[in-house]
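Undergrad: Below is the structure I would like to discuss, written out as structure tokens.
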Amino acid sequence: MVQQGDVPPKPFSFTNRTVKHADQQLCCWKLIPPKATHEIVQENLHLISSYVREEVHGPRYCPSLEAKVN
């Protein structure tokens, strides 16, 4: 699944009024890993030094893989 960039693009910071290279936006892609990948991540969560599960939602939120597997 693809997600196009914002039109017009919005600055990441309130300190910027414009976006440099706005014409060079790249698409975002949604990855759906197979069940085997979920199992490998779950089996190795104890190896992550600081695992934080966040409850954040939004069009540009990109959680780490370990936060996505249950």
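Nothing in this text is a laboratory measurement; each read-out follows from the coordinates by a stated rule. As the structure is a prediction and not an experimental result, all values here were calculated from the model.
Undergrad: How long is the gain from residue 31 to residue 66 if the chain were fully straight, where each residue apart is worth 0.36 nm and the alpha carbon distance is subtracted? Don't skip to the end; give the middle numbers.
TA: On the way: separation 35, 0.36 × 35 = 12.60 nm, distance 1.34 nm.
Extending this stretch completely gives an extra 11.3 nm.
Undergrad: On to the next question. When the chain is fully extended, how far beyond the present Cα-Cα distance does residue 39 get from residue 1, taking 0.36 nm per residue of separation?
TA: Numbers: separation 38, 0.36 × 38 = 13.68 nm, distance 2.29 nm.
Contour length minus Cα-Cα distance gives 11.4 nm.
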